[in-house]
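Derivation of every value follows stated rules applied to the coordinates shown; laboratory data play no part. Computed from a prediction, not measured in an experiment: that's the story for all the values here. Quick reminder, even Gly has a Cβ in these numbers, built from the backbone with ideal geometry, and neighbours come from all protein chains shown.
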Amino acid sequence: MPGGMGGSLRRGTKLALTLIVTLVLGLTLTGSSRLALAFTGEATPAAPVAMARIHDRDVFPVKVPRLGHSAAERAQHASEVLTHAVDDAGSAEIRVDQGGDVAVLYLGDTPVIQLGPEDAAADGDASVAVHAAVVAAHATDALHAERRRSAIARTVFSFSLLVFSALIVFLSIGKLGGLVSRARAWVASRPSTIPTVQIAGIDVVRPTALRGVALGAIDASRWGLRIGLVYVWLLFALSLFDGTRAYSERLTGYVLAPISGFIGRLTATMPVLFLGLIAGVGLLLLLRVIALFFDGVTRGEPALSWLPGDLAAPTSVLVRAGLVVVAISGATPLLTGGDEGPLSRAGVIATGAVALALTPVMANIAVGVTVLYGRHFKVGDFVELGGRAGVVRALQLLSVTLEDWQGCTVRVPHLSSLVHPTRVLGSEPPVAVRLTVPSTVAVDQVTTLLRQAAERVGVRARVGLASMDGATIVYELTAQSSSPTARSELLAAAVRALHAAGILHGPATPSPATTGATPP
C-alpha cells in the first residue's frame, strides 16, 4: 500500500511540474512577441505600394488611399491618363495646380492625380508642394522618354511600310502589265470573236474598228493603271510622316478637286448628253447609209444619170463632211436650247480650225471640186497634169491617180494644176517620130508615103518638115493611138515604107521627137 501510494504521488507531481513549465514558456513567448511589437511600433502589417506606369515604365509610387479610392485605383487612373497621352502623341505637358493642402497634377486639361498631406507624409516629403513637384518631375521625364521612344518606333514602322508598299506597287505594276499584254494578245488573236455592231440591219461599226478600239483601250488602261497605282502609293507614302502629311492633302486637293468639279458639271448636263448621244447614233447611221449608197453608185448599183460612177466617191466625202458640219453648227442649239452652249462653240471652233489650220487642204479640195465636176477629163484619158503624164485611173477629191508609161501609180494633187498647165490628150494620145531623108527625094513623095504609114498605126496622121539643110530633110510624123507601143509601131511603119520605095537603103536614122506624149 504505502509503496503504491508513493509511486502515484511521484507521477502526479511530475505531471503538475510539466504543466507548470509549459504554461510558463507560453506566457514567456507571448510576452516577448508583445514586447517586440511594442518596441517596433507596428500593430498591423504595412499596406502594399501601387505604382503609376506608362506601358512598362515605372513613373511614381502611390502609397496611401485618398477620398475613398485605394492606392491601386489612384495609380491605375494616373497610368491610363499618361499612357493615353503617349499613344495620342500630343504636345500637352504636366502642370501642378495647388490650392491649400491639396495639389492636383494636370496633363493639359486632364487631371492625372490628386495629392494630399498623407501622400507627402508617406513619401517623407516636407510638404504637399514639394511632393507634387517631385511627382510632376518624374511624370514629365517619363512622358518625354516614352514620347521619344514612340516617335522612333513610329518612324521605323513608317519606313518599313514605305518600303513594303513600294515593293507591292512594283510587283503589282509588273503583274498588271502581264495581264494587259495577255488581254491584248487574246483580242489580236481572235478577230472572229468580235461581232459587227448593227442597227436596223445596217453595219454601224465593223469588227476591224471595234478591234482597234479595244486594243487602244487596253493600251491606254496599261498606263492608266500604272499612274493610278503610283498616285495611290505616293499619297500613302506622304501620309506616313508628319512632315509630309500636309503635302498629301494638297496633292489630293489638286487631283480630286478638278475631277469632282467635272463630275458635277457632267451630272448637270446629263440630259443634254443623253440627247446628244441619241443624235450622234442617228448621225452615224445616216453617214453609214450615205456611204453605202455612194459605194453602190461607184459599182453601178444603182446607175444614176446625173452622177457618173467615177464622181461617186468624192461626192460621198463632200456630202458626209457637210452633214457633220451642219449637225455640229445647226443641230446643237436644238439640243441645248441656245446658241451659246459648249457644243455650239465647239462647232464654231471646229469650223475655224478647218478654215485656218487646214487651208492648203481646203484649197486643194476647192480646186478638186472644180476639176471633178467641171469634167475637164475622165477616167481613161491620157493627160499631162502637174508635170506628170499618164492615163487617168481614178479621180479623188484631193488628187488624180495616174499610171505612167512604166506602169507606176502617180498621185497628183489638184493644187499642182494651178502651177503647171494641164494638157488633155484624150483617149488616144498623139505620138511623134522624126526621120532624116536625103534632100534629093521629092518632098511630096516622102510625105505621101509617111502619111500612109501613119494611118496604118493610128488616126489623124500628120506629116511635116521639122528642119532641112543642103543634104538632108528631117520629117516629123504624128499619129494618135492608144497602143502602149504606138511610137515604135509608127517608126517601124515609116521605115518599111521608105525602104519599099527605095528611098532608104541602109538603116534608118530617126531623130528624137520634140512633141507628143508616150502613152503608158
* Note down the nm distance, to one decimal, between modelled labels 7 Å out along Cα→Cβ at Arg245 and at His144. => 2.3
* To do: Go through segment 215-221 residue by residue and turn each phi into a ³J(HN,Hα) via Karplus (6.51, -1.76, 1.60, θ = phi - 60°); whole Hz please, and just put x for glycine and proline.
  => 5, x, 5, 5, 5, 5, 5
* For the residue pair Thr472 and Ala121, what label-to-label distance in nm results when each label sits 7 Å from Cα along the Cα-to-beta-carbon direction? -> 15.2
* For Leu398 and Leu358 in one chain, what is 0.36 nm times their gap in residues minus the Cα-Cα distance, to one decimal in nm? -> 13.1 nm
* Asked: Taking the Cα centre of segment 353-488 as the origin, how large is its charge dipole in debye, to the nearest 20, when only Lys and Arg (+1) and Asp and Glu (-1) carry charge on their Cβ atoms?
  -> 260
* Structure fact -> Spelling it out for Gly458: with amide H atoms placed in the peptide plane at 1.01 Å from N, the residues 5 or more places away or on another chain with amide H under 5 Å from its amide H are none
* To do: For segment 436-441, take each phi angle, set θ = phi - 60°, evaluate the Karplus expression 6.51 cos²θ - 1.76 cosθ + 1.60, and give the result in whole Hz per residue in order, putting x for glycine and proline.
  => 9, 10, x, 6, 6, 7
* **In sequence order, calculated HN-Hα J values of segment 93-102 (Karplus, 6.51, -1.76, 1.60; Hz; x Gly/Pro)** => 10, 7, 9, 10, 10, 10, x, x, 9, 10
* Asked: Between segment 69-129 and segment 137-177, how many Å separate their Cα centres?
  -> 32
* Structure fact -> Between Ile113 and residues 5 or more places away or on another chain, the pairs with built amide H atoms under 5 Å apart involve Leu105
* How would you order 366-372, 467-473 from highest to lowest mean count of nearby Cβ atoms within 10 Å? -> 366-372, 467-473
* Built amide H within the under 5 Å cut-off of Thr472, gap 5+ -> Ser439
* Structure fact -> Once Lys and Arg are counted +1 and Asp and Glu -1 for all other residues with Cβ under 14 Å from that of Ser239, the total becomes +1
* Arg226-Val289 pseudo-label distance in nm [points 7 Å out on the Cα-to-Cβ vector] -> 4.6
